[in-house]
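The structure appears below as structure tokens.
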Amino acid sequence: MTRQNDIKRISELRSEVSKHNDLYYQQANPKISDTEYDALLSELTQLEAKYPDQYSPDSPTQKVGSDSDDRFPSAPHTIPMASLQNSYQLEEIQLFTDRIDRELEDREYKFDVEPKIDGVAVALRFKDGKLELGLTRGDGKFGDVITENVATLNGVGNLPENWQGTVNGCSHFEVRGEAFLSLSMFRKLNKDRVRQGNAPFANPRNATAGTLKTLDSKIVKERGLSVYFYRLFNCDGSELFETHEQEIAAIETLNLPVNPFFRTTKTIDDIRSVLEQLEANRSELDYQIDGAVIKLDNLAQCAALGSTAKAPRWGIAYKYAAEEVETVLNDITLQVGRTGVITPVAELEPVQLAGSLVSRATLHNWEEIERKDIRIGDTVVVAKGGDVIPKILSALKDQRSGNESEIPQPESCPICNSRTESPEGQVAVKCVNYHCAARLSARLRHFVSRDAADIEGLGGKWIDAFIESGKLTSIQDIFKLQHNELRVLPGLGDKSATRLITGLKASAKRPWANKIFSLGIPQVGITTATILARNSINIRKLEELSQETLEDLEDIGPIVAAEIIAWFSSEDTQTMLSELLECNYLLEAELVPVTTIETFSGLTFVITGTLGKMTRGEAKALIKKHGGKVTGSVSSKTSYLVAGEKAGSKLDKARKLEVKILTEEQLLSMTKTEAVDE
Ligand code: IVH
């Protein structure tokens, strides 16, 4: 029973963490603090360690989140760009240093401590003295090419005069660092944006991420991004120095910016005192730091320690706890989302928090309001993990005057006045009206968004205007928009109308997974949509998947499966689907599965018994093609045993070691990763 519950929890956590990866990396719009994120990830890591047979290469514990953006070409990294293990307490740093001490046995070692800048990682390659390529982290293996943009980073264009273009004899090397926007530039940028009627960026990190992904490098230059570099190595992946300290000194001799705060330490006591110094300095800095990074100084020792799938073993990040401030909760406004969920939003007396002005905070739902006993008029404690939508932690009840008022659950929708309901087992309060203007607007915004149908030229402003004028009453109405009626609209014009119509036509070519995501099935984010796409070839095949089949899919539990089934059974859904098929956004035609490489990266397979469809050699080639390794004998390190007919002792051993066992069919279906339409 516990095992069953734990496995269910693993699946829930995988979806949850993937969802937050998506919000953080893809949408630059995180919804939970780093601390909360790390707590989820750590729970998942522990559960996965307890059940090795549940191993999955797709688990978010096995890969870094991706910020890849298809508007930019991508290029492979010289060596992967990983992230660091996070820690929040000195005890965790102690565990880290103890481990290093054990692993390095009697060898001498020291640690360097640097500020952890809260920005965006970049990699710059130099060849023969010239900037050759600039990349974002992307998914860690491939980054987006943003060379022209990184060339504008402060200091990058300031290479030494008479420099021969080499570092330690190497003429093709890479530097890595963190790009960021100083607090002063951030405030100026937001002031300008508000003046021009644009929404301000929530924080400097989001502003940096958004700026680096701007197509016009002139705009990037105007924004004045900065960078501090912390790595320099040969593009063939080898090191050019013995120590990190030397590496930093070499970066400095190239006139490339490095953080002025850099301390070398030996013991945990040294580390503690440096962390204290840094924290004391924090408010003086003109940029945001979210902690410190502690790294082993000797690069050969770093290499010897190696990495886990996600993070190197030679370093650790020490993150500061979320900052907290007190302010008054002036009012509650209600937001109605695409699935009808009504979210209470706290309107706060504006207050400075972790470098930005905060005037709203999310309250999630009424269960949370009741649990925390929050009332309008309360003085509340608001916290932010550096870069997230602020949260109300608690209400200061001893400061109540008696004039505070409770926050009632809405009995009707604030937008369309329809009744609300709280579905059993859910804490959400929902507007029941599928056609509610707020739900429709949210549905349409979701549909056109980048991970969905990606229809350029149909922003939220136009969506709301079209809803208001009755032009859009459903998603499928988008495809009825006509160029000649759009081009005459004041403020739209011929060019924008053409862009919109082109975007609409192009959307038919979106990958199947993105189309599934675009439909707005409750609880189906892009990760779940990708899993569904791997297991269906078109909308009608998707519809045929039963509750049981859905539950068997990775990351999908009974609740999500039931939501999918319920969504298909609604009349509104069916009307939409038939119309989307009619206008050729959804296709009856079969979608051709294509394979992506590296699905099995980091996995070890053993093949045993007689296979029916392939020879063992073909199976081996298939696994290798997808980045996996094939070995001859089963051990606890084996990820999967592929067992054919008459499998013998290897099968027994795999069972004993709880190694996951695959049939030939399962192996084949695992290599069909993404379905796209032809
Ligand atoms: S070292 C394996 N040093 O933090 C990655 N990273 O969570 C080693 N960061 O991706 C990175 N300041 O974007 C390093 N002084 C610093 C840093 C730093 C900020 C970021 C970087 C990295 C992330 C790791």
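Quick test for you: out of Asp98, Asp192, pick the one residue that is modelled with pLDDT under 95 and over 17 Å from Lys295 (Cβ atoms).
Testing whether each residue is modelled with pLDDT under 95 and over 17 Å from Lys295 (Cβ atoms) leaves just Asp192.
Under the condition of being of a type in the set (Val, Ile, Thr) and over 22 Å from His20 (Cα atoms), which residue from segment 54-80 is surrounded by the most Cβ atoms within 10 Å (Cβ to Cβ)?
Result: Thr78.
In segment 297-332, what residues are within 25 Å of Gly602 (Cα to Cα) and in contact with a strand residue (DSSP E or B) (Cβ under 8 Å, 6 or more places away or on another chain)?
Residues of segment 297-332 within 25 Å of Gly602 (Cα to Cα): 299-317.
Selection gives Leu299, Ala300, Cys302, Ala303, Leu305, Gly306, Arg313, Trp314, Gly315, Ile316, Ala317.
With Thr502, Thr498, Thr549, Thr473 as the choices, which residue is among the polar types (S, T, N, Q) and closer than 30 Å to Asp53 by Cβ?
Thr549
Count, please, the residues in segment 166-202 that happen to be assigned to a strand (DSSP E or B) and within 16 Å of the ligand (Cβ to nearest atom). Write out each step before concluding.
The first filter runs over segment 166-202 and keeps only residues assigned to a strand (DSSP E or B), leaving 167, 170, 172-180.
Those left that are additionally within 16 Å of the ligand (Cβ to nearest atom): 174-180.
Total satisfying the criteria: 7.
Scan segment 81-92 residue by residue and report those that are within 15 Å of the ligand (Cβ to nearest atom) and either crowded, with 17+ Cβ neighbours inside 10 Å or assigned to a helix (DSSP H, G or I) (or both).
Met81, Ala82, Leu84, Gln85, Asn86, Ser87, Tyr88, Glu92
Given the condition at pLDDT 90 or above and on the phi > 0 side of the Ramachandran plot, answer yes or no: does some residue in segment 381-398 qualify?
Looking through segment 381-398, none of the residues is at pLDDT 90 or above and on the phi > 0 side of the Ramachandran plot.
Here is a list of conditions, (1) within 13 Å of Val448 (Cα to Cα); (2) buried (at least 19 other Cβ atoms within 10 Å of the Cβ), and Ala506 meets all of them except one; can you say which number that is?
With respect to (1) within 13 Å of Val448 (Cα to Cα); (2) buried (at least 19 other Cβ atoms within 10 Å of the Cβ), Ala506 is out only on (2).
Glu548 is checked against (1) part of a loop (DSSP other than H, G, I, E, B); (2) over 30 Å from Ser474 (Cα atoms); (3) not basic (Lys, Arg) and fails just one. What number does that condition carry?
(1)
Looking only at segment 621-636, which residues are closer than 14 Å to Leu662 by Cβ and not in a loop (DSSP other than H, G, I, E, B)?
Residues satisfying the conditions are Leu622, Ile623, Val630.
When residues of segment 576-613 are filtered for being of a type in the set (A, V, I, L, M), within 29 Å of Pro52 (Cα to Cα) and modelled with pLDDT of 80 or more, how many remain?
4
Do you know which residues across segment 212-225 are without any contact (Cβ under 8 Å) to a residue 60 or more places away in the chain and not in a loop (DSSP other than H, G, I, E, B)?
Lys218, Ile219, Glu222, Arg223
I want to confirm something. Restricting to segment 133-165 and keeping residues that are on the phi < 0 side of the Ramachandran plot, without any contact (Cβ under 8 Å) to a residue 24 or more places away in the chain and surrounded by fewer than 23 Cβ atoms within 10 Å (Cβ to Cβ), which single residue is nearest to the ligand (Cβ to nearest atom)?
Step by step, filter segment 133-165, then rank; the result is Thr147.
What number of residues in segment 109-132 are within 15 Å of the ligand (Cβ to nearest atom), in a strand (DSSP E or B) and under 30 Å from Leu212 (Cα atoms)?
Number of matching residues: 11.
For segment 494-534, give me the residue count where each residue is of a type outside the set (A, V, I, L, M), touching a Phe, Trp or Tyr at 6+ places or on another chain (Cβ under 8 Å), closer than 19 Å to Gly460 by Cα and part of a helix (DSSP H, G or I).
Looking only at that region, the number is 2.
Does Glu678 satisfy being under 26 Å from Leu545 (Cβ atoms) and either at pLDDT 85 or above or surrounded by 14 or more Cβ atoms within 10 Å (Cβ to Cβ) (or both)? Write out each step before concluding.
Details: under 26 Å from Leu545 (Cβ atoms): yes; either at pLDDT 85 or above or surrounded by 14 or more Cβ atoms within 10 Å (Cβ to Cβ) (or both): no.
No: the conditions fail for Glu678.
Are there any strands (runs of 3 or more DSSP E) wholly within segment 238-354 with 1 or more residues that are crowded, with 16+ Cβ neighbours inside 10 Å and within 16 Å of the ligand (Cβ to nearest atom), and if so which?
Result: 263-265, 289-296, 315-319.
Could you list all residues from segment 476-509 that are within 18 Å of Leu580 (Cβ to Cβ) and among the charged types (D, E, K, R)?
Of everything in segment 476-509, those that are within 18 Å of Leu580 (Cβ to Cβ) and among the charged types (D, E, K, R) turn out to be Asp477, Lys480, Lys505, Lys509.
If the requirement is being touching a strand residue (DSSP E or B) at 6+ places or on another chain (Cβ under 7 Å), outside any helix (DSSP H, G or I) and away from the ligand (no atom under 16 Å from the Cβ), which of these qualifies: Asp106, Asp69? Even if it seems obvious, please write down each step before you answer.
Numbers: Asp106 fails: touching a strand residue (DSSP E or B) at 6+ places or on another chain (Cβ under 7 Å).
Result: Asp69 is the single residue among Asp106, Asp69 that is touching a strand residue (DSSP E or B) at 6+ places or on another chain (Cβ under 7 Å), outside any helix (DSSP H, G or I) and away from the ligand (no atom under 16 Å from the Cβ).
Quick check on my filter: what residues within segment 215-237 are within 15 Å of the ligand (Cβ to nearest atom) and out of contact with any strand residue (DSSP E or B) (no Cβ under 8 Å at 6 or more places or on another chain)?
Of everything in segment 215-237, just one residue is within 15 Å of the ligand (Cβ to nearest atom) and out of contact with any strand residue (DSSP E or B) (no Cβ under 8 Å at 6 or more places or on another chain), namely Gly237.
Please count how many residues of segment 32-53 are surrounded by 18 or more Cβ atoms within 10 Å (Cβ to Cβ), touching a residue at least 60 places away in the same chain (Cβ under 8 Å) and more than 16 Å from the ligand (Cβ to nearest atom).
Adding up the residues that qualify gives 1.
Kindly establish whether Ser394 is in contact (Cβ under 8 Å) with a residue 12 or more places away in the chain and farther than 30 Å from Gln89 by Cα.
No.
Considering only residues of segment 625-666 that are under 31 Å from the mean Cα position of the chain (by Cα) and at pLDDT below 85, which is surrounded by the most Cβ atoms within 10 Å (Cβ to Cβ)?
Step by step, filter segment 625-666, then rank; the result is Gly628.
The values are calculated or read from the model by the stated rules, or taken from the named source; none is laboratory data. This one's a predicted model, so the numbers in the text were calculated from it and none came from an experiment. Here the Cβ is made from the backbone with ideal geometry for all residues, glycine too, and neighbour counts use every protein chain on show.
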